[in-house]
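The values are calculated or read from the model by the stated rules, or taken from the named source; none is laboratory data. In this text, all values refer to a predicted model and were calculated from it rather than measured experimentally. Glycine also receives a Cβ, built like all others from the backbone with ideal geometry; neighbour counts cover every protein chain displayed. Note: areas computed on protein heavy atoms with side chains; ligands, DNA, RNA excluded. Shrake-Rupley method; radii C 1.70, N 1.55, O 1.52, S 1.80 Å.
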Amino acid sequence: MVHVELIASGAVSDITDAVKTSIKSAFAARANVDASAITVEVTAASVRITVRIATPPAQTSSVQADLATALVDASSASTFLASAGVTVTTAPAVTVATVVVSTSAPSPPPPPPPPPQSPASSSSSSSSAGLMIGIVAGVVVLLLLVAGVVYKRRIDARNSQTLTTTADLGSSKTLPAPSATSATYGV
């Protein structure tokens, strides 16, 4: 980038947008660049005009040398900017500004957010509780079945013991042996 700094007579308010456009056009023609590559800044100090010309790196030196020749003193700079109506009072300074581009390593990306809980993982505690309830219910049912079987066997054992005792204590009568006539039908 080439910088041209010059002091002109008059007031800052004298440098209107139209004058700035005229200054841009003069420098664009001389530097052989588009007017959009030129910025004009006006500040107080009588009138300080700073012109910045964005040039491709390969052309920077030649543009700087050409402008330094064209703007060697206040008189030649005034002639150069006559179309803009600017009278330069001191010799312009034409310099090359080195643009430093910082190429530091980009900062690392932030850590990813924790993954959202899926419905399965959020209900894992409820499914664990359901599993526990199912196991407890199964054990209770199994214990009831075992208790029922034991109870049934005890009842059956008591009933069979009662029948045996009744059969042993039955009547003490002796029954006669069956006769042959009683064995025939229709006697």
Exercise for the section: Look at residue 89 and say whether it is open to solvent by less than 50 Å² (accessible area, probe 1.4 Å) and of a type in the set (Val, Ile, Thr). Expected result: no
Exercise for the section: Name the residue, out of 73, 34, that is at pLDDT 90 or above, open to solvent by 50 Å² or more (accessible area, probe 1.4 Å) and farther than 16 Å from residue 6 by Cα. Expected result: 34
Completion exercise
Expected single match for open to solvent by 100 Å² or more (accessible area, probe 1.4 Å) and either part of a helix (DSSP H, G or I) or at pLDDT 60 or above (or both) among 178, 108 is 108
Fill in the blank from the handout: Residue pairs within 9 Å by beta carbon, gap of at least six or interchain, first lying in segment 13-29 and touching a residue at least 60 places away in the same chain (Cβ under 8 Å) and farther than 19 Å from residue 45 by Cα, second surrounded by 14 or more Cβ atoms within 10 Å (Cβ to Cβ) and not acidic (Asp, Glu), listed first then second, are 22/81; 22/84; 22/85; 22/86
Completion exercise
From the option list 79, 50, 16, single residue qualifying as polar (S, T, N, Q) and open to solvent by less than 20 Å² (accessible area, probe 1.4 Å) is 50
Practice task
Determine whether segment 66-80 contains at least one residue that is outside any loop (DSSP other than H, G, I, E, B), without any contact (Cβ under 8 Å) to a residue 60 or more places away in the chain, under 15 Å from residue 97 (Cβ atoms) and out of contact with any Cys (no Cβ under 6 Å at 6 or more places or on another chain).
Solution key: yes
Practice task
Return yes or no: is residue 42 part of a strand (DSSP E or B) and either out of contact with any His (no Cβ under 7 Å at 6 or more places or on another chain) or among the acidic types (Asp, Glu) (or both)?
Solution key: yes
